[in-house]
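Take a look at the structure below.
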2 protein chains.
Amino acid sequence: MDEQPQWLTPVEQDAWRSVIRMYERLGARLARCLQSESCLSGADYAVLVKLTGVPDGRMRHVELARSLEWEKSRMSHQISRMAKRGLVVREECPEDGRGAFVVITEAGREVIAEAAPRHANAVRRLFIDPLTPGELGTLACPADRIVEHMEKQS
Amino acid sequence: MDEQPQWLTPVEQDAWRSVIRMYERLGARLARCLQSESCLSGADYAVLVKLTGVPDGRMRHVELARSLEWEKSRMSHQISRMAKRGLVVREECPEDGRGAFVVITEAGREVIAEAAPRHANAVRRLFIDPLTPGELGTLACPADRIVEHMEKQS
């Protein structure tokens, strides 16, 4: 490895640890809430939210994977599990060569309709309430910049 | 459910999405870097860092789980996998009733010594570089408050 290590300064290290710790705790807590209140994993929730946001609740498998930035194999396992529980169905369409669709079922719509307000309450309680309105912006703005910067590097 | 849903306002929703998106992208990218540069998962890395920070690289299994906020079963699977690869060993101590120790091996120390500077470079490139020094502080401060608030609620 030619690259010289540039160790983080104590200030950088602290900022990095704070941000990572927040994400880990918040992620774990929200996942527990989703599971206990709505019997959904974070992944189930993310898929159902995506599908309720598109016409007819219907999206190509590959597009769904791309929009969530998941590997195709992870998406396949996820969709198989959700199909077994009746939350989505997979619609093959061999004729057009662009792969199967994933479609939300009526049961899936009912589950997400119940889960979404509970999840919003949890996000408000855990993430919004402790912050002032100004701080919300000071979190969002550098977060967007980090993502843009990352996209330029890929 | 008695609680009334309090939907997020558009500003709150945007901030929440920005923060979550940053976290997901950053986590995925850093995980890929760790895997391709050092053949470690994020979990492997977290365990090795913890163990290098304690005397003799030795920690009780339960304490290690607590310090990373993992379930005991997740920690057991993780340690089994790492032990197979020779990165750690498990030392049983049936006499004192407080459970096994996990100890980093010489090979584990070599792996983390190689991985750490690469990981620091990746964190700098992806997270520190796009931010001004002032922004680092403005990220850390609300992040700490969210964690404190969460701890009071549990």
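If I ask for residues that are free of Cβ contacts under 8 Å to residues at least 24 places away in the same chain and within 17 Å of residue A:41 (Cα to Cα), which ones from region A:82-101 would you list? Don't jump to the end; show me each part of the working.
Residues of region A:82-101 that are free of Cβ contacts under 8 Å to residues at least 24 places away in the same chain, as a first pass: A:83-86, A:89, A:92-97.
Scanning region A:82-101 gives A:83, A:84, A:85, A:86.
Can you spot a residue in region B:31-41 that is small (Gly, Ala, Ser), part of a loop (DSSP other than H, G, I, E, B) and closer than 28 Å to residue A:127 by Cα?
For region B:31-41, residues small (Gly, Ala, Ser), part of a loop (DSSP other than H, G, I, E, B) and closer than 28 Å to residue A:127 by Cα: present.
The listed residues are A:19, A:62, A:11, and the only one of them that is away from every other protein chain (no Cβ under 14 Å) and free of Cβ contacts under 8 Å to residues at least 40 places away in the same chain turns out to be A:62.
Here residue A:112 passes the criteria (1) within 14 Å of chain B (Cβ to nearest Cβ); (2) more than 16 Å from the chain's Cα centre (by Cα) except the one numbered (2). The helices (runs of 4 or more DSSP H) falling completely within region B:66-154 that include 1 or more residues that are over 26 Å from residue A:7 (Cβ atoms) and open to solvent by 10 Å² or more (accessible area, probe 1.4 Å) map to B:72-84, B:133-153. Whether any residue in region A:75-98 is within 20 Å of residue A:116 (Cα to Cα) and hydroxyl-bearing (Ser, Thr, Tyr) is what I want to check. Looking for residues that are within 20 Å of residue A:116 (Cα to Cα) and hydroxyl-bearing (Ser, Thr, Tyr), one finds none in region A:75-98, hence no. Only one entry in B:98, B:58, B:66 is in contact with an Asp or Glu (Cβ under 9 Å, 6 or more places away or on another chain) and among the basic types (Lys, Arg), namely B:58. What are the residues in region B:15-28 that are open to solvent by 20 Å² or more (accessible area, probe 1.4 Å) and modelled with pLDDT under 90, if any? Matches in region B:15-28: B:17, B:20, B:21, B:23, B:24, B:25, B:27, B:28. Looking at residue B:37, is it within 25 Å of residue A:150 (Cβ to Cβ), within 12 Å of chain A (Cβ to nearest Cβ), open to solvent by 50 Å² or more (accessible area, probe 1.4 Å) and more than 16 Å from the chain's Cα centre (by Cα)? So residue B:37 fits the description; yes.
Can you find, within region A:119-136, the residue that is farthest from the chain's Cα centre (by Cα) among those that are hydrophobic (A, V, I, L, M, F, W, C) and at the interface with another protein chain (Cβ under 7 Å from one of its Cβ atoms)?
Residue satisfying both the conditions and the ranking: A:131.
Take residue B:7 and tell me if it is open to solvent by 30 Å² or more (accessible area, probe 1.4 Å), of a type in the set (Phe, Trp, Tyr) and over 16 Å from the mean Cα position of the chain (by Cα). When the stated conditions are applied, residue B:7 passes them. For region B:55-64, name all the residues that are surrounded by 14 or more Cβ atoms within 10 Å (Cβ to Cβ) and under 15 Å from residue B:108 (Cα atoms). Once the filter is applied, which keeps residues that are surrounded by 14 or more Cβ atoms within 10 Å (Cβ to Cβ) and under 15 Å from residue B:108 (Cα atoms), region B:55-64 yields B:57, B:58, B:59.
The values are calculated or read from the model by the stated rules, or taken from the named source; none is laboratory data. From a predicted model like this one, the values you see are computed outputs, not experimental measurements. Glycine also receives a Cβ, built like all others from the backbone with ideal geometry; neighbour counts cover every protein chain displayed. Keep in mind that these areas ignore ligands, DNA and RNA; they rest on the heavy atoms of the full protein, side chains included. Shrake-Rupley method; radii C 1.70, N 1.55, O 1.52, S 1.80 Å.
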